[in-house]
Amino acid sequence: MIRFEEVTKIYESGKNEVKALNSVSFEIEKGEIYGVVGYSGAGKSSLLRCVNLLEKPTSGRVLVDGENMAGLSSKELRKKRKNIGMIFQHFNLLNAKTVFDNIATPLYLQGEKKNVIKEKVNNLLEFVGLSEHGHKYPDQLSGGQKQRVGIARALSTDPEVLLCDEATSALDPQTTSSILELLKKINKEYNITILLITHEMNVIREICSSVAVMEKGKVIEKGSVFEVFSRPKTETARRFVSSVLQDELPDSLKNILRNQDKNHQVFRIVFTGASTGQPLLSQIAKKFDVDVSVLYGHVTELQDVPFGNLVVQLIGDEHEIRRAVIFAGQGEVEVREVIEHAS
Amino acid sequence: MQVDWGTFWVDILDATGDTLIMVGISLLASAVIGVLLGVILVVTRKGHILENLPVFNVLNAIVNVLRSIPFIILMVAIIPFTRLVVGTSIGTAAAIVPLIVYAGPYIARLVENSLLEIDPGIVEAAEAMGATPWQTIFRILLPEAFSSLILSLTTATIGLVGASAMAGAVGGGGLGDLAIAYGYQRFDTDVMIVTVVLLIVLVQGLQSSGNVISRRLRRR
Ligand SMILES: Nc1ncnc2c1ncn2[C@@H]1O[C@H](COP(=O)(O)OP(=O)(O)O)[C@@H](O)[C@H]1O
Ligand SMILES: [Mg+2]
């Protein structure tokens, strides 16, 4: 649905050049919720804005539904843009217009008939849960409500693609969740492809199916949310994953790590998928002559697949511990030794 | 020699009428010119929807030059132009020309400021919706700035009242003319006071109605 082909974006301001995007290539399938995560300045907004050509790529191409955006005439581009909705961190609503008129604006602009507009906007108001608020002005709404107006406005032209630029970054956690739920619903009910960018990994975890991690204008890692969360490859991705899974070891464990010896070894066990339900630890304790002590860990869900992360100490004979580890590391379970300074 | 107030109030009424006509006509014309220029000064600047730096730079320079000339000098300096346009350089009609040349660029700057106060994100949202530049200007930018434009026009109108009083000095008619002819040159303090009070009432009335209209438009 959206395809980035070696997209490079260079901003020139006087003598300074900023390479905001450096040969970015990846593809977003139709019907996906694709997340791009990265720290501030990584180039996420530039990437998003290249999709509807708010920024023109310096080189490379962006294809939406097979069409090269930069190859369109300005008239074709305006038409195409109606097929690509966009929502913003700061909502960008028209302050002098009512909620109803804000949502209707794209329809007014394309010369839609009054009665069509009325029906459509009322449906959208209901869909985003603002039926009672159509006559209000944006400054009478909460942040979450404003974003709902933004979403309804973006949907008014029946787009196939929705671009979200940090759409929840100005909202509190609870409101964020409700907006993310709404985006999920849009994706399911209208089969709209969603590309969202964020610096918050929990946004990715809550609704995305795929994720790309950006750093310094490059996509440094990409894959399904499950892959990246369970096996992050780069240090940056690992840090993002840690920020939501909280799998950094707490300080209180440092002592235990410092004092481990051949007969007291600490391991991190990562369960994914069906393996999460298995009674692995009790099996180890029964089959081998080792004691198992759980030091730290949690179980969560990624894309409706259970995902667990445990830090355990195995106490016993060195040889038995090794056998236990080999046994445990079969199938979908990953076992890594944990040593001080590294986790 | 004091004026005869029994008949003089007719003169005052006439002068007030002249002032209102001068201000009204020049306001209308300079508002049209000012809004047009102000919009062009916004949309042709770097990074905006109709970026065109040569146009921006030229207009910007012209506005700056006209804005930096004091009205009293402007009035004299453009007498040949005024004569060309209205056929005379004396009288109410002749005063209107320099008033427009004075207020047009002034309003342009005020409009420019009002439009620049709009969050660039809103323009971006309009672009993302597929709005044409024309639609962005008339359906998004101007309506968003409307209540602040009304305040700007109020300020400009009051500036015009002041300038029109000055125009009286070169025979432009109106309250300023009266104040100078009787109050200043003939030392008639009563006339002076009456005209000044009238000007104050006029300015106060304009400012208050501007505020009210602007607040109504903000609808909150
Ligand atoms: N219009 C612009 N002009 C110049 N530099 C820009 C512009 N927009 C973004 N940049 C620069 O490009 C880099 C990437 O910015 P951006 O795409 O906004 O990143 P992110 O959204 O990940 O924070 C930053 O260094 C930023 O300063
Ligand atoms: Mg950004």
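The values are calculated or read from the model by the stated rules, or taken from the named source; none is laboratory data. Just so you know, these numbers come straight off a predicted model, no measurement behind them. Here the Cβ is made from the backbone with ideal geometry for all residues, glycine too, and neighbour counts use every protein chain on show. Just the protein is used for accessible areas: all its heavy atoms, side chains included, with ligands, DNA and RNA removed. Shrake-Rupley method; radii C 1.70, N 1.55, O 1.52, S 1.80 Å.
Quick one: compute the contact order of chain B, relative version, from alpha carbon pairs under 8 angstrom and 6+ residues apart, as a percent.
26
Averaged over all directions, how much area does the convex hull of the C-alpha atoms of segment A:247-339 cover when projected, in nm²?
5.6
Measure of size requested: the Rg and Dmax of segment B:39-119, with Cα atoms as the atom set and Å as the unit; please supply both.
Final numbers for Rg and Dmax: 15.2, 46 Å.
With a 1.4 Å probe on protein heavy atoms only, tell me which residues of segment A:53-99 lose at least 50 Å² of accessible surface in the complex relative to the chain by itself.
Checking the loss per residue gives A:54, A:78, A:81, A:92, A:94, A:96.
If segment A:115-193 were replaced by its equivalent ellipsoid, with semi-axes equal to the square roots of 5 times the Cα gyration tensor eigenvalues, what would those be, largest first, whole Å?
19, 17, 10
What translational diffusion coefficient, to the nearest whole µm²/s, does segment A:1-113 have by Stokes-Einstein, given a Kirkwood radius computed over alpha-carbon pairs, a temperature of 20 °C and 1.002 mPa s viscosity?
For the chosen part, D equals 135 µm²/s.
How would segment B:26-77 be classified by its alpha-carbon gyration tensor: rounded, prolate or oblate, with rounded meaning a/c under 1.5 and the a/b versus b/c comparison settling the rest?
oblate
Could I get the Rg over Rh figure for segment A:176-215? Both from C-alpha atoms, Rh via Kirkwood, rounded to two places.
Reported Rg/Rh, Kirkwood definition of Rh: 0.96.
With the Cα gyration tensor of segment B:5-219 in hand, convert its eigenvalues to equivalent ellipsoid semi-axes via √(5λ) and list them largest first in whole Å.
Output for segment B:5-219: semi-axes of 37, 20, 12 Å.
How far is helix A:235-245 tilted, in degrees, relative to the longest principal axis of the Cα atoms in chain A, given as a value from 0 to 90 rounded to the nearest 10?
90
To the nearest 10 degrees, how steep is helix A:143-155 against the longest Cα principal axis of chain A, on a 0 to 90 scale?
Tilt of helix A:143-155: around 60 degrees.
Round to a whole number: what % of the accessible area of the protein assembly as shown belongs to carbon and sulfur, probe 1.4 Å?
With neighbouring chains kept in place, the figure for the protein assembly as shown is 55 percent.
Would you mind getting me the FRET efficiency between residue B:84 and residue B:36? Use the beta-carbon distance for r and R0 = 22 Å, nearest 0.05.
Step by step, r from the Cβ atoms, then E = 0.50.
Add -39500 (n - 2.57) for each DSSP H run of 4 or more in chain B, then divide by its residues: what number comes out at 222 nm, to the nearest 500 deg cm²/dmol?
After summing the helix terms and dividing by the residues of chain B, the value is -25500 deg cm²/dmol.
Computed FRET efficiency, Cβ-Cβ of residue A:188 and residue A:59, R0 45 Å: what is it to the nearest 0.05?
0.80
Compute the accessible area of each residue in segment B:87-129 twice, once for its chain alone and once with every protein chain present, using a 1.4 Å probe on heavy atoms, and list those whose area falls by at least 10 Å².
B:119, B:121, B:122, B:124, B:125, B:127, B:128, B:129
Classify segment A:186-239 from the C-alpha gyration tensor, please: rounded if a/c falls under 1.5, else prolate or oblate depending on whether a/b exceeds b/c.
Prolate, since a/c reaches 1.5 and a/b exceeds b/c.
Efficiency by 1/(1 + (r/R0)^6): what FRET value for residue A:68 and residue A:172, r their Cβ-Cβ distance, R0 = 56 Å, to the nearest 0.05?
E(calc), rounded to 0.05, equals 0.90.
How far apart, in nm, are two points set 7 Å out from the Cα along the Cα-to-Cβ line at residue B:5 and at residue A:258?
About 9.9 nm separates the two model spin labels.
So what is the orientation-averaged projected area of segment B:92-220, using the convex hull of its C-alpha atoms, in nm²?
Result: a mean projected hull area of 9.4 nm².
Leaving out ligands and nucleic acids, note down the accessible area per residue over the protein assembly as shown with a 1.4 angstrom probe, in whole Å².
Ligands and nucleic acids excluded, the figure is 48 Å² per residue.
Please check segment B:198-220 for residues whose accessible area, probe 1.4 Å, is lower by 30 Å² or more when all protein chains are in place than in their chain alone.
B:219, B:220
Counting each DSSP H run of 4 or more residues in chain A as -39500 (n - 2.57), what helix-only mean residue ellipticity at 222 nm follows after dividing by all residues, to the nearest 500 deg cm²/dmol?
-10500 deg cm²/dmol
Using only protein heavy atoms and a 1.4 Å probe, report how much of residue B:82 is accessible, in Å² to the nearest 10.
0
Would you tell me the accessible area of residue A:323, worked out with a 1.4 angstrom probe on the heavy atoms of the protein chains, in Å² to the nearest 10?
110
So what's the Cα pair-distance distribution over the protein assembly as shown, bin width 20 Å, in %?
17, 35, 25, 15, 6, 2, 0
What total accessible area, in Å², is buried where chains A and B meet, using a 1.4 Å probe and rounding to the nearest 100?
2000
Express in Å², to the nearest 10, the accessible area of residue B:7 obtained by rolling a 1.4 Å probe over the protein heavy atoms while all chains stay in place.
Surface open to solvent at residue B:7 totals about 90 Å².
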